[in-house]
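Notes follow the structure.
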Amino acid sequence: MLEITNVSKTYNQVTKACDSINLTIEPGDIYGFIGHNGAGKTTLLKSISGIINFDAGDIRIFGHSIKDEPMEAKRIMAYIPDNPDIYEALTGLQYLDFIGDVFEVPQSKRQMLIEKYAEMFEIKDVLNNPINSYSHGMKQKIVIMSALIH
């Protein structure tokens, strides 16, 4: 569950990107944010994921505040950006192992999930290749896999 309570964010002490936003998203719900450029969509998503701080309010992910308990909140959610900034000198498998280590995913579970998603996303044959040889779409698949294995 995601609970956003009175979240506000101001840039340069003048520009309000988010103003007292309240929203509850239950497990299984799907939401999309629409609006013009500068409406605060990306600011809110980056606040939810803990990438940027917000000025007021609280964001809770299954009861864990992204401000007060960032590690607990981040263990149970993932943020997938438009442009994946990942360690391109690593192979796909090394990157997925790195993410598994960061999120303390047991080796046996990690291996099973990597095999499952590599098959599903049809990238099993390139997991041992360096990420810098991947297309943008393949990089996106690796980032999605990294979100799913933890």
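For the stretch 28-150, with only Lys/Arg (+1) and Asp/Glu (-1) charged at the beta-carbon, what is the dipole magnitude about the Cα centre, in debye rounded to 20?
Roughly 140 debye, rounded to the nearest 20.
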- request: Can you send over the carbon and sulfur percentage of the accessible area for the stretch 1-128, probe radius 1.4 Å, protein chains only?
  value: 51
message: Need one value: the accessible area of Arg60 in square angstrom, 1.4 angstrom probe, rounded to the nearest 10.
response: 80
- prompt: How much net charge surrounds Lys109 when only other residues with a Cβ under 13 Å from its Cβ are counted (Lys, Arg +1; Asp, Glu -1)?
  reply: -2
query: For the stretch 88-102, what does the Karplus curve 6.51 cos²θ - 1.76 cosθ + 1.60, with θ = phi - 60°, yield as ³J(HN,Hα) per residue in whole Hz, taken in order and with x for Gly and Pro?
result: 6, 7, 7, 7, x, 5, 4, 5, 5, 5, 4, 4, x, 5, 4
message: Rg over Rh of the stretch 1-100, using C-alpha atoms and the Kirkwood radius, what does it come to?
response: 1.01
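Keeping to pairs on different chains or 8 or more places apart, tell me how many lysine pairs in the stretch 96-143 have Cα atoms under 15 Å apart.
Lysine pairs, 8 or more places apart or on different chains, close enough: 4.
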query: How would you classify the stretch 69-117 from its alpha-carbon gyration tensor, with a ≥ b ≥ c the square roots of the eigenvalues: rounded for a/c under 1.5, else prolate if a/b is greater than b/c, otherwise oblate?
result: oblate
message: Whole angstrom only: what separates the Cα centroid of the stretch 1-38 from the Cα centroid of the stretch 124-139?
response: 34
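The values are calculated or read from the model by the stated rules, or taken from the named source; none is laboratory data. Keep in mind the model is a prediction, meaning the values are calculated, not measured. Here the Cβ is made from the backbone with ideal geometry for all residues, glycine too, and neighbour counts use every protein chain on show. These area figures cover heavy atoms from the full protein model, side chains too; ligands, DNA and RNA do not enter into them. Shrake-Rupley method; radii C 1.70, N 1.55, O 1.52, S 1.80 Å.
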